[in-house]
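A short write-up of the structure that comes next.
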Amino acid sequence: MSARERNGLGPEWHGTTIIGVRKGDSVVVAGDGQVSVGDTVMKANARKVRHLGGGSVIAGFAGATADAFTLFERLEAKLERHPGQLTRACVELAKDWRMDKYLRQLQAMMIVADKSVTLVITGNGDVLEPEHGVVGIGSGGNYALAAARALEDQDLTAEEIARRAMAVAADICVYTNGNVIVESLDAE
């Protein structure tokens, strides 16, 4: 029994792998479908990656599902208020997330991308742009990130890199499966 369970908080939700890969004129965000509670797989085909902002932004989350949907809704509202300004919308969301008593309790991280920038947003108020155009979050995020970084100089598309990196993470991380959803944007 975990400390969380001993304190009456229920089993800990583990989970997921999300990766963002930017290469050439393309950016993809990919995520696995596994939702785990403790050592039990509760669902194998959850959709953790989706389009926002009328299709101009892709976002993926790692963490508690309800929390992530709350953050998606908040980000969508920020994108409506600041159309075409993903970084500003994310900074505004991160400020709210850190300052709002309700939002501070949310346990999730997000990767968001549009045609020009990829960002990671955390509840600590962080809005980070990856240095190499590749970023991973979640329990298998570092495995996927390492695999993608190793593949980024190969003659592969952003989607091929993301799919191969997700396969590596699924082979290593017990909280990640091979049921991968990939969303992409191509520069015009």
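No value in this document is a laboratory result; all are computed from the given coordinates. Note that the coordinates shown come from a computational prediction; the quantities given were computed from them, not determined experimentally. Quick reminder, even Gly has a Cβ in these numbers, built from the backbone with ideal geometry, and neighbours come from all protein chains shown.
Structure above, values below:
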{"quantity": "12 Å beta-carbon shell around Leu79, net charge (K/R +1, D/E -1)", "calculated": "-1"}
{"quantity": "5 angstrom amide H check on Ser139, placed H, neighbours 5+ away", "calculated": "Gly15, Thr16"}
{"quantity": "Residues with amide H under 5 Å from that of Val57, placed H, sequence gap 5 or more", "calculated": "Leu52"}
{"quantity": "Exceeding the 26 Å Cα-Cα cut-off - candidates Lys43/Lys115; Lys43/Lys95; Lys95/Lys115; Lys48/Lys95", "calculated": "Lys43/Lys115; Lys43/Lys95"}
{"quantity": "Prolate/oblate/rounded label for segment 82-138 (Cα gyration tensor, a/c 1.5)", "calculated": "oblate"}
{"quantity": "Long-range tail of P(r) for segment 136-188 (Cα pairs > 18 Å, %)", "calculated": "28 percent"}
{"quantity": "Rough spin-label spacing in nm, given labels placed 7 Å along Cα→Cβ, for Asp25 and Arg149", "calculated": "2.9 nm"}
{"quantity": "Dimensions in Å of segment 66-188 - Rg and Dmax from alpha carbons", "calculated": "15.3, 47"}
